[in-house]
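Here the structure is laid out as structure tokens; the discussion comes afterwards.
The values are calculated or read from the model by the stated rules, or taken from the named source; none is laboratory data. What you are looking at is a predicted structure, and each value in this text was computed from that prediction instead of being measured. Methodologically, a virtual Cβ is constructed for each residue, glycine included, from the backbone with ideal geometry; neighbour enumeration extends over all protein chains shown. Quick note on the areas: whole protein, heavy atoms, side chains included, nothing else; ligands and nucleic acids left out. Shrake-Rupley method; radii C 1.70, N 1.55, O 1.52, S 1.80 Å.
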Amino acid sequence: MSLPFDRFRHMGLAHRAGLASILALAACDAGEPREMERITVRDSAGLEILEVDRDRVPAVWSVASEPEWVVGEEGLDLYSVEDVVLLDPDVLLIAEGSTQEVIRVDLPSGETVRWGGAGDGPEEFRGLARLFDLGEGKVGLYDRTRRRYVELDPDGAMIAALDLMEVSETADPPLMRMAGGGASGEPSLYLAERTGLPSGSVDGPFRGTGPVMRLGESVDTLTSIRGATTFVGDGGAGIVLFGATTLLAGEAAGLWIGDTAEEEVVLWNESGTMERVLRWRTEDTRQLTDARLDEFWTRLEAGLPEQERAMLDQMRGMFRFSDQIPAFGSLLADPAGRVWIGGVVPPERMILEEPWPAQEWLVFDIPAGEASRLTTPAGFQAMRVTGSHVLGVHTNELGVETVRAYRLIREEE
């Protein structure tokens with residue numbers, strides 16, 4: 001991948017088909033494999049819109065009951081896995097936040113090599129967050145704290161480093177994300193800047209916006225995205241629980257961007273044009289009801305140590321809540337052309353530092369024109385999907401982390 005490093009260093013920009021088939025899912029006899037739900041495709045002024053009735057989508061796919069492999073149980077302690085990527089079927093890379101290292105694992109032998117470390121040196125990191133497979137054994141790394149993108153050769157030596165530009169219009173550090181894709185065969189990297197708090201005096205929920213730029217031979221601004229919801233007032237600021245945010249997933253054709261306030265995600269191609277929209281309909285209500293709020297406080301009280309429960313009344317005055325539950329909670333894309341839309345992860349998990357819950361996924365298989373549902377295991381946070389496996393980090397009840405791969409299974413198997 002060739003990036004104009006000097007240009008980025010010195011730039012001063014302002015501060016994980018026409019109508020097609022009609023939805024049809026015939027009732028199946030007991031014991032027969034269920035059909036995948038067909039995706040309705042329509043065209044709107046050159047924009048392809050793919051829709052599905054989520055309530056009719058069957059669980060045709062599943063993940064194996066046991067992981068195909070586990071890394072971290074013996075001889076490798078993992079405490080804060082930020083990202084994982086397979087360079088090939090036998091080589092796993094782990095971004096370990098506790099040591100700010102990239103850990104290269106040879107899966108057949110279990111041998112490990114460590115690159116980087118915590119610090120401010122050329123090959124050191126402060127906020128190691130994302131990994132990118134650049135091909136031929138080369139690796140891209142994103143450091144959110146030092147605002148750097150670094151490329152390493154197959155031996156872990158630095159090839160080049162890019163200091164990322166400031167885009168935020170506020171003095172607050174923006175939340176940054178990058179995703180890999182690329183239609184040319186080389187990865188395209190996308191930088192999404194999301195503003196923090198407003199610069200003026202604002203009360204009530206606030207969602208900042210920031211540009212998404214493709215970092216390639218030129219700087220292409222694709223669009224603006226909405227940032228995570230915050231509230232500002234009474235001299236303080238914080239997250240609005242159940243508030244919407246924006247998720248990104250890169251693929252060969254461009255970048256998927258999804259605002260969790262809506263039941264849709266949009267594919268932006270490399271020229272900065274909306275190319276495809278995925279939408280799902282459901283009869284489920286997303287209203288944050290009194291019953292759901294009561295469940296939140298009950299779980300919070302049960303999960304807090306006895307000495308901290310006296311703080312509940314204070315928490316009730318501090319927390320702000322959205323009126324709506326987000327439409328989804330995770331967004332992934334895989335090399336087979338499938339888009340994975342994960343269910344909402346409840347805010348209680350984050351506050352109580354609980355393991356990741358079992359998560360239901362709506363999977364759009366765009367090449368096949370079909371949709372399915374599947375559920376990933378409790379304790380497992382899916383981070384990547386290959387053509388045949390889902391990879392991620394598993395956290396047990398003691399907080400011990402392992403990296404795992406589960407094989408994807410179709411019902412007919």
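Would you please give the FRET efficiency between Ala378 and Asp290, computed as 1/(1 + (r/R0)^6) with r the Cβ-Cβ distance and R0 = 30 Å, to the nearest 0.05?
0.65
In terms of the ratio Rg/(2.2 N^0.38 Å) built on C-alpha atoms, what value belongs to region 321-413?
In units of the globular-protein estimate, region 321-413 measures up at 1.15.
In region 215-364, what percent of the accessible surface is made up of carbon and sulfur (1.4 Å probe, ligands and nucleic acids excluded)?
48 percent
Kindly list the residues of region 88-118 that lie in the label zone of Glu124, defined by a backbone N under 20 Å from the point 7 Å along the Cα-to-C-beta vector.
95-104, 114-118, by backbone N distance to the label point.
Region 50-130: D in µm²/s via Stokes-Einstein (Kirkwood Rh, Cα pairs, 37 °C, 0.692 mPa s)?
After rounding, the answer is 218 µm²/s.
At 1.4 Å probe radius, can you tell me the per residue accessible area of region 275-413 in Å²?
Spelled out: the 1.4 Å probe surface of region 275-413, per residue, equals 48 Å².
Using a probe radius of 1.4 Å on heavy atoms only, what accessible surface per residue do you get for region 36-94? Whole Å² is fine.
46 Å²
Of the accessible area of region 55-110, with the probe set at 1.4 angstrom, what percent is carbon plus sulfur?
Summing carbon and sulfur atoms, their accessible area is 42 percent of the total for region 55-110.
So if each residue of separation counts as 0.36 nm, and I subtract the Cα-Cα distance between Thr112 and Asn269, what length gain in nm does that give?
Result for the pair: 52.8 nm of gain on full extension.
Beyond 11 Å, how much of the Cα-Cα pair distribution for region 258-298 remains, as a whole percent? Please list the in-between numbers first.
Values: 603 of 820 pairs.
In whole percent, the long-distance tail amounts to 74.
Starting from the Kirkwood Rh over alpha-carbon pairs, what translational D in µm² s⁻¹ does region 237-371 have by Stokes-Einstein at 4 °C and 1.567 mPa s?
So the translational diffusion coefficient is about 77 µm²/s.
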